[in-house]
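Structure, as structure tokens:
Rule-based calculations on the coordinates, nothing more; no lab input. In this text, all values refer to a predicted model and were calculated from it rather than measured experimentally. Cβ sites come from the backbone with ideal geometry, for glycine too, and all protein chains shown count toward neighbours.
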């Protein structure tokens, strides 16, 4: 600290303050901050013989006192033993999660929704524990409760309270999602002109299906009952809205429910929905574009499952150009072409009858060598298996033959056991089927209502769908959303709400750090920002990295200190809640 003299031009007088150098953690700019205002020099001269000398000494002593407070002498007994059962290590990285949780106003939401409820537990405190645990130590609700001592928060509730709270969360799930959307839009900004939509499913380790958990096509090829989740995401990759469906619900039938909720309650204006080929039906297209609706779509379109006319267009070498519209070079690794057409779609009317409607759309077809090579490599093992099935079919059953059986003719399976049946004709490899599939390796097609968009814009827009696929990977791997350990339908819904909130928070931390780091890297970092009780109320930290500095800078949390007193830790956590 030092004595700072400022000459005031308006009065022609000199003003004295005791100041301190300060570096703003957000801008990294060094500046002065006033510690104590003293007054005008001419007034102080009436009280002190030499105000300048006097207050320089005061500033020196204040600096000395502050330095003394920072210094601490530790007395260490090298023979001291840990008491059995000692487990003093605490996580401090959760301060980042706490900061975003409170920026989103989730504490207010849960506290307000609990006001008129009969239960006595703190539903906000329980949700905070579940969200932090889902990000830093995913597992069952019981595990989250048992590990609550990892954090500096006071979690005053029982395990029974945790399970009771799940029913409450299920009741306010949709309301919570709408609230989150409003908070994100207000505090972070949100681009909902383009909305990405996809469906995935989560398995349950149970023996028998029920009304929600049913057998269906598992994305992970598991023979377990599943639930379907439809997820809408904004243009930045931040989750927008989700819904759960029975496991036997096909992807295309989830679309209108989720997108309808977004259109009605999320104040998006006109939207363009991006989705894969599992969603493209006449009903879904007409839902977006028909009647008074003027929304749009960018959908992938199956080449192999298309009409002969479209396949001929794809394979016709005419019209293809290279990147940026340049003439196609020999042995090019990429080519593209497009056309505007009218196409008839079949739409189910409110009466249940089918009606033909005409849509005006742009079709973009492109081929890339790297995708062709990838398709060939992925098929190689399946083809080997198919050829082996021809030689020794008894080695296989329907489950083991998955994916390869389509290349084998005269192959039948027992409907009960799945075993290969001995037919009158010998199995043989279907060369024609393989040749037909190989024709389309590397080709992709996209159809869109946005006739004004360039081919490159359409492809770039569609590529954003990979973000939602990455989001699903995060939920299944990093957040360990499945298997699900609760069984009641309301508790299942609450589980996914917890995961949804955790997913939103980690995505926002990624956004705040300019998308430089993966969700997994951020979570690993936050887990490493931990400390041990060194002595009395003093905690020792042993981790710092470029990433922890980046997170700290983005959220204005100091993760650089080697030692902190308990009071300082609590002060940082309290500031994170403001």
So how much slack lies between residue 223 and residue 140, counting 0.36 nm per residue of separation and subtracting their Cα-Cα distance, in nm? 27.7 nm
Please determine, in degrees from 0 to 90 and to the nearest 10, the orientation of helix 51-70 with respect to the longest principal axis defined by the Cα atoms of the chain, where the helix direction is its Cα long axis. 50
Determine, at each q value in 0.08, 0.14 (inverse angstroms), the log₁₀ of I(q)/I(0) that the Debye formula gives when each Cα of segment 1-156 is one equal point scatterer. -0.55, -0.89
Tell me the label-point distance for the pair residue 47, residue 488, using the 7 Å Cα-to-Cβ offset, in nm and rounded to one decimal. 6.7
Kindly put 389, 453 in sequence by how many other C-beta atoms sit within 10 Å of each C-beta, fewest to most. 453, 389
Need one number: nm distance between label points at residue 158 and residue 31, each 7 Å from Cα along Cα→Cβ, rounded to one decimal. 5.3
With R₀ set to 56 angstrom, the calculated FRET efficiency between the beta-carbons of residue 304 and residue 167, to the nearest 0.05, is 0.75
Need one number: nm distance between label points at residue 439 and residue 207, each 7 Å from Cα along Cα→Cβ, rounded to one decimal. 5.0
Distance between the C-alpha centers of segment 151-223 and segment 72-118? Whole Å please. 24
Rank the residues 196, 286 as a footprinting-exposure proxy: fewest other Cβ atoms within 10 Å of their Cβ go first. 286, 196
R0 = 22 Å: FRET efficiency of residue 473 with residue 369, Cβ-based, nearest 0.05? 0.30
By how many nm would the segment from residue 351 to residue 315 lengthen if fully extended, with 0.36 nm per residue of separation less the alpha-carbon distance? 9.0 nm
Packing-based order for 252-265, 154-167, using average beta carbon neighbours within 10 Å, highest first: 252-265, 154-167
With a ≥ b ≥ c the root eigenvalues of the C-alpha gyration tensor of segment 376-528, is it rounded (a/c under 1.5), prolate (a/b larger than b/c) or oblate? oblate
So the angle from the long Cα axis of helix 159-171 to the longest Cα principal axis of the chain, reported in degrees to the nearest 10, equals 60
Could you please state, rounded to a whole Å, how far the C-alpha centre of segment 504-578 is from the C-alpha centre of segment 321-378? 47
In terms of the alpha carbon gyration tensor, root eigenvalues a ≥ b ≥ c, rounded if a/c is under 1.5 and otherwise prolate when a/b exceeds b/c or oblate, segment 2-69 is oblate
Of segment 1-15, those with amide N under 17 Å from the point 7 Å along the Cα→Cβ vector of residue 57 are 2-3
Which shape class, rounded, prolate or oblate, goes with segment 110-244 when its Cα gyration tensor gives a ≥ b ≥ c as root eigenvalues, a/c under 1.5 marks rounded, and past that a/b bigger than b/c marks prolate? oblate
Rounded to the nearest 10, the angle in degrees between the Cα long axis of helix 173-187 and the longest principal axis of the Cα atoms of the chain comes to 60
Give me 367, 515 ranked fewest to most by other Cβ atoms within 10 Å of their Cβ, as a rough exposure proxy. 515, 367
